[in-house]
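J.: Pasting in a structure now, in structure tokens, and then I'll have a few things to ask.
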Amino acid sequence: MVINVTDSVLTDLGLDRNNHFKGDQNVPVLIFSSTVPGTQSDQTTVKINALGLRFNLPGEERELLDVVNLRNMISSIRIASMQEYMNSIYNDGMAKPARYDVNYPVDENTINPVSLTLDTPIEFPVNTQDTMVVMVSFNENAISQSFSLALWDLDAYDVDPSLPLKVVDTQGDSLAVSTQMSSGTITIIPNDPAEAFITYPNPFGSNQEYANIRVFMPNNGDVEIRIFTMVGELVKTFNYAGETAGIHDGRDDERYRWNGKNDRGKTVLNGVYICVLRTKINGSTQDYIRKIAFIK
């Protein structure tokens, strides 16, 4: 069995793959397809009866997210067919019935990695592709946290569950060691502009050449970001009139990055600076302040 992560479908559907709010429900975080070119017998179908998921901290080290943070962050994990997911998006009264749609609560017994056993195995014909969507629901009081989700195990068989099929990625590697099986970085964003406004990494300069600035606009409006020295001298100004509502983050938008240079293009001295965000929405102006350290 060959597994292929196909998260690009989220982008094709115009969905934000990275930033989500506390309390968001049924957020698609990982989409993957499975294909079986043949079986170990004369069976014409394959059954999937379990899968394993790893919630990782961002980064190449694949360090596990602390299980306490996982429980505080996520209320449930949902596994559904692509058909059911598309039905839920378009709410089509003529939609086809879902082949499967199961929900697993996250509680005090949940561990990381998470092993999910299906009460009824998912069955699909050989030489066809089955696409599964992994969704999560975030708690209303979830902390602002970034993570990635990886498929690290999948249990499939044709005749006997005790004789599982070999499951690999498109490069032939097992899921446990595959570098293809992970989602991108997913971040829970507070829906309070004051709490959502951060700069990271902090400090920056030696570990990363620029600082990302994250801004949440509840409605369309104007954005002004100013960087000051600790004694009040203006260093750098960013102005974006008519900015759209939503999350704006240097991780995805280069406009919201500070490279440690002033308005004249000169690199600033090492030290702590003041980052001031001013938003103007429907004639109302709000200021938010964060400290940001530059160390080259």
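J.: Quick one: how many residues across region 141-159 are assigned to a loop (DSSP other than H, G, I, E, B) and touching a Ser or Thr at 6+ places or on another chain (Cβ under 9 Å)? Working first, answer last.
T.: Here is the first cut: in region 141-159, the ones assigned to a loop (DSSP other than H, G, I, E, B) are 141-145, 158-159.
Right, trim to touching a Ser or Thr at 6+ places or on another chain (Cβ under 9 Å) and you get 142, 144-145, 158-159.
Summing the residues that are assigned to a loop (DSSP other than H, G, I, E, B) and touching a Ser or Thr at 6+ places or on another chain (Cβ under 9 Å) in region 141-159 gives 5.
J.: Sticking with this one: Looking only at region 126-141, decide whether some residue is touching a helix residue (DSSP H, G or I) at 6+ places or on another chain (Cβ under 7 Å) and under 13 Å from VAL2 (Cα atoms).
T.: The answer is yes; a qualifying residue exists.
J.: Now, a different point. Yes or no: region 237-247 includes at least one residue that is modelled with pLDDT under 90 and not in a loop (DSSP other than H, G, I, E, B). Spell out how you get there, then give the answer.
T.: Within region 237-247, the first condition is being modelled with pLDDT under 90, and the residues that meet it are 245-247.
Now restrict to residues that are not in a loop (DSSP other than H, G, I, E, B): 246-247.
Within region 237-247 (the criterion being modelled with pLDDT under 90 and not in a loop (DSSP other than H, G, I, E, B)), the answer is yes, since at least one residue qualifies.
J.: For region 240-258, check the following and say yes or no: at least one residue is of a type in the set (S, T, N, Q) and either in contact with a helix residue (DSSP H, G or I) (Cβ under 8 Å, 6 or more places away or on another chain) or surrounded by 15 or more Cβ atoms within 10 Å (Cβ to Cβ) (or both). Spell out the reasoning first.
T.: Applying the first criterion (of a type in the set (S, T, N, Q)) to region 240-258 yields 244.
Among the residues that remain, those that are also either in contact with a helix residue (DSSP H, G or I) (Cβ under 8 Å, 6 or more places away or on another chain) or surrounded by 15 or more Cβ atoms within 10 Å (Cβ to Cβ) (or both) are: none.
No: region 240-258 contains no residue that is of a type in the set (S, T, N, Q) and either in contact with a helix residue (DSSP H, G or I) (Cβ under 8 Å, 6 or more places away or on another chain) or surrounded by 15 or more Cβ atoms within 10 Å (Cβ to Cβ) (or both).
The rows are residues; the columns are (1) of a type outside the set (S, T, N, Q); (2) at pLDDT 90 or above.
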residue	(1), (2)
VAL168	yes, yes
SER182	no, no
THR185	no, no
ASN212	no, yes
GLY221	yes, yes
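J.: So which of THR285, THR279, THR229, THR244 is outside the structural domain of GLY184 (by TED's automatic domain parsing) and more than 30 Å from LYS22 (Cβ to Cβ)?
T.: Numbers: THR285 fails: more than 30 Å from LYS22 (Cβ to Cβ); THR279 fails: more than 30 Å from LYS22 (Cβ to Cβ); THR244 fails: more than 30 Å from LYS22 (Cβ to Cβ).
None of the other options fit; the residue is THR229.
J.: What pairs come up if the first residue lies in region 264-287 and is farther than 15 Å from THR229 by Cα, the second is small (Gly, Ala, Ser), and their beta carbons are under 6 Å apart, counting only those six or more places apart or on different chains?
T.: Cβ pairs passing all conditions: THR279/GLY221; LYS280/GLY221; ILE281/GLY221.
J.: Looking only at residues in region 174-225 that are in a loop (DSSP other than H, G, I, E, B) and aromatic (Phe, Trp, Tyr), which one is surrounded by the most Cβ atoms within 10 Å (Cβ to Cβ)? Walk me through how you get there before you give the answer.
T.: Initial filter on region 174-225 (in a loop (DSSP other than H, G, I, E, B)): 175-181, 183-185, 190-192, 197, 201-203, 206-210, 218-220.
Then drop every residue that is not aromatic (Phe, Trp, Tyr), which leaves 197, 210.
Values: PHE197: 19, TYR210: 16.
Filtering region 174-225 for residues that are in a loop (DSSP other than H, G, I, E, B) and aromatic (Phe, Trp, Tyr), the one surrounded by the most Cβ atoms within 10 Å (Cβ to Cβ) comes out as PHE197.
J.: Working only within region 94-147, note down all residues that are over 24 Å from ASN19 (Cα atoms) and touching a Phe, Trp or Tyr at 6+ places or on another chain (Cβ under 6 Å).
T.: Passing the criteria: LEU116, ILE122, ASP130.
Yes or no, residue by residue, for (1) β-branched (Val, Ile, Thr); (2) under 23 Å from the mean Cα position of the chain (by Cα); (3) surrounded by 13 or more Cβ atoms within 10 Å (Cβ to Cβ); (4) not assigned by TED's automatic domain parsing to the domain that holds PHE21:
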position	(1), (2), (3), (4)
VAL133	yes, yes, yes, no
LEU149	no, yes, yes, no
TRP152	no, yes, yes, no
LEU163	no, no, no, no
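J.: Among the helices (runs of 4 or more DSSP H) lying completely within region 2-120, list those that include at least 1 residues that are at pLDDT 85 or above and polar (S, T, N, Q). Steps first, answer last, please.
T.: Working: elements: 8-12, 67-73, 82-90.
Here the list reads 67-73.
The values are calculated or read from the model by the stated rules, or taken from the named source; none is laboratory data. Worth saying up front: this structure is predicted, and the values here are computed from it rather than measured. Cβ coordinates were reconstructed from backbone atoms using ideal geometry, including for glycine residues, and neighbour counts include every protein chain displayed.
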